[in-house]
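Here is the structure we will look at.
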């Protein structure tokens, strides 16, 4: 994968959205240097750097038990900061520089790296880098062509710039939680938050576009990305509608605003489900042929308005058919008739799914302090690029020597002084 | 993306959001529709229009802003020739395909692109991708949520799994395709080599989970629904009712919990062993709710958010769409565009990422609105264009206005 070969990114990110943006750039071939604090590696390291964090009850908990971190076999091990699965998923294919940016020697290293980099990406609070003398105005003095992307919850230039946020917060603020829910019920959050994912992709897109522009103009820029905005934008058609009608969309459960029936129906087994959409009258006829005239033969249901009016009764009839069948069997029968019907997959199902396996989605990764584990790989396939080779996430500070020594040319004595002073570290 | 030429041949939310994303960054996007129009022109929500006019799809109007539109019958030989000229103009083509027939046709289109313009990038968005056992399966917005794992995890534990409140798998897949397309465009400019980019929604969405998949590969845990709670650990982390609606709060660390107890003036809770860890708070979520709800229900959303944010606990009001439209922070940042749509003045998101190359807002094209100007720019004589229109190969809406002729 060489799409971004030759691009160097300083990735000063934490948690999810920022690391995901940097990971996309890394997967696409950029040299991404993840800049970390010794004590700030996600949920795996307590604020004081000790291992006495609340997540350490692992062994005592009955499975299934994910609590504050995801460790191989629920074992934090000797160096938990290198074993945290969430971190390792988000930071693969990067290098790790563990540096204390609050020390003058640390900021000097950062400034020297800016000179040999193309992009500075951060998702800290918007005031954090400027407070260290590393804001865009400072960086462009060092390297006028630098592209700086601030990927914050609310935007660097915002009345809410000092607010703290997490995915579910932005989902609520963006109006999309209120649009989700069972019919007649209240707002519902997604089981896996999307705002960080959308924000991370948006950060990657902004940076690639800025690189495109810089190729033409030679000019760097500051990009102020607000995750609230990138997430609200995926609700654009509903916002547009609300602006004209003055009304908010009411949650409609699993139904469709366009066709009927659509639903999630119980299958044989515990908590196993089939998702089914009937988009046209012709699809309805094919469903009736499978499920049976006896329960679905009502003439009024041949037209979509009749089906929408009798949706509850139709749902009951479909559920009576699905309830006795394993979801994979129901899916196969209905898809063979050209109907959009799928098994509702769990996280375990996705890991084992034969289609995703054929696409090479899950990849086995060997990494320090972890060993072999499967991770989701890169989801896009390019015909003229070699597949993304997944190199496991770097150990904390694992590239200190390569970055500060080889790249910046500090000699061994200088490196030793930096380590001695705690400016560079490889463990909390 | 100054000067990038993108030809949008897609007919899906994913394809349209991919090209919208590129257009908002400065790419010049021409959308090609069949003479009957993109199916998204008929997709809900439908906006009531003036008497005698067809309802307007908010989906189409939103997703195709910033683009120009050409209507073309590509089954016709002359139409196919025009398509080839458009491909010759393009740096990237974005297609969508779903179901066996459309997926089979992608091979022909790729052959046409390779023969016509070998440096052109071709991005294809589809539900399951261009290969694999599910390739030809049918899909819908609901099934996208289902096969990517989101559906099973969303909703109440004792009820059926729940989809998200919109076709957002399409948007997320489109955004994924936009990143890939932009990177390949930049590479193609350097190497003069195009390529085919295969983006499947199932894979794109499964790739966006934060930890669900590693939770299984590391600890063997199958995720279950937890309603408006954060599954597996921590509480309160999710939606909570309050005096005038609901808030979302994220007490996701020991610090947060301690600050919440102090903010509520309940320091004694800090001594309660049940709540001493994130795991314990999740296990005793009902007890915590009973303790914090009186405090929440006595306060408004704004009061709660101000109090929690002041002690650095992530919190926001649960807003409706109409409330978000009135959110001053977004207006101040220039997030919104205004446009005449369906007889009213609509407020809609403009460019979610704003660069120097971000263009002024342009409303979604009427069917064939730019057919004449685009074909003229490709070198067609005016008479030839009119002949194609008269022959029903090109759709061109109304006759050209002085303004359009000059644009």
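The values are calculated or read from the model by the stated rules, or taken from the named source; none is laboratory data. Keep in mind that this is a model prediction, so the values were computed, not measured. No Cβ is skipped: glycine too gets one built from the backbone with ideal geometry, and neighbour counts run over all protein chains shown.
Computed values, structure above
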quantity: Test: residue in the range B:184-194 that is under 24 Å from residue A:332 (Cα atoms), at the interface with chain A (Cβ under 7 Å from one of its Cβ atoms), in contact (Cβ under 8 Å) with a residue 60 or more places away in the chain and part of a loop (DSSP other than H, G, I, E, B); calculated: no
quantity: Selection within the range A:194-239 - more than 8 Å from chain B (Cβ to nearest Cβ) and surrounded by 24 or more Cβ atoms within 10 Å (Cβ to Cβ); calculated: A:195, A:199, A:200, A:203, A:207, A:227, A:231
quantity: Out of B:180, B:263, sole residue that is farther than 20 Å from residue A:170 by Cβ and within 7 Å of another protein chain (Cβ to nearest Cβ); calculated: B:180
quantity: Tally of residues being touching a residue at least 24 places away in the same chain (Cβ under 8 Å) and assigned to a helix (DSSP H, G or I) across the range B:256-267; calculated: 6
quantity: Criterion (facing chain B (nearest Cβ under 7 Å), touching a helix residue (DSSP H, G or I) at 6+ places or on another chain (Cβ under 8 Å) and in contact (Cβ under 8 Å) with a residue 40 or more places away in the chain) met by exactly one of A:155, A:191; calculated: A:155
quantity: Residue check for residue B:263: closer than 26 Å to residue B:323 by Cβ and buried (at least 21 other Cβ atoms within 10 Å of the Cβ); calculated: no
quantity: Among the candidates B:157, B:118, B:133, residue that is assigned to a loop (DSSP other than H, G, I, E, B), within 7 Å of chain A (Cβ to nearest Cβ) and on the phi < 0 side of the Ramachandran plot; calculated: B:133
quantity: Selection status of residue B:55, more than 19 Å from the chain's Cα centre (by Cα), modelled with pLDDT under 95 and within 12 Å of chain A (Cβ to nearest Cβ); calculated: yes
quantity: Selection count, the range A:172-185, where residues are more than 7 Å from chain B (Cβ to nearest Cβ) and either farther than 15 Å from residue B:164 by Cβ or within 21 Å of the chain's Cα centre (by Cα) (or both); calculated: 1
quantity: Residue ID - surrounded by the most Cβ atoms within 10 Å (Cβ to Cβ), chosen from residues in the range A:243-252 that are in contact (Cβ under 8 Å) with a residue 24 or more places away in the chain and facing chain B (nearest Cβ under 7 Å); calculated: A:249
quantity: Enumerated helices (runs of 4 or more DSSP H) restricted to the range A:316-428, each holding at least 2 residues that are crowded, with 19+ Cβ neighbours inside 10 Å and either within 13 Å of another protein chain (Cβ to nearest Cβ) or under 32 Å from the mean Cα position of the chain (by Cα) (or both); calculated: A:327-336, A:347-352, A:354-358
quantity: Verdict on residue A:175 being surrounded by 24 or more Cβ atoms within 10 Å (Cβ to Cβ) and either outside any helix (DSSP H, G or I) or out of contact with any strand residue (DSSP E or B) (no Cβ under 8 Å at 6 or more places or on another chain) (or both); calculated: yes
quantity: Tally of residues being within 19 Å of residue A:307 (Cα to Cα) and more than 9 Å from chain B (Cβ to nearest Cβ) across the range A:256-277; calculated: 2
quantity: Given (1) more than 24 Å from residue A:342 (Cα to Cα); (2) in contact with a strand residue (DSSP E or B) (Cβ under 7 Å, 6 or more places away or on another chain), index of the condition residue A:247 fails; calculated: (2)
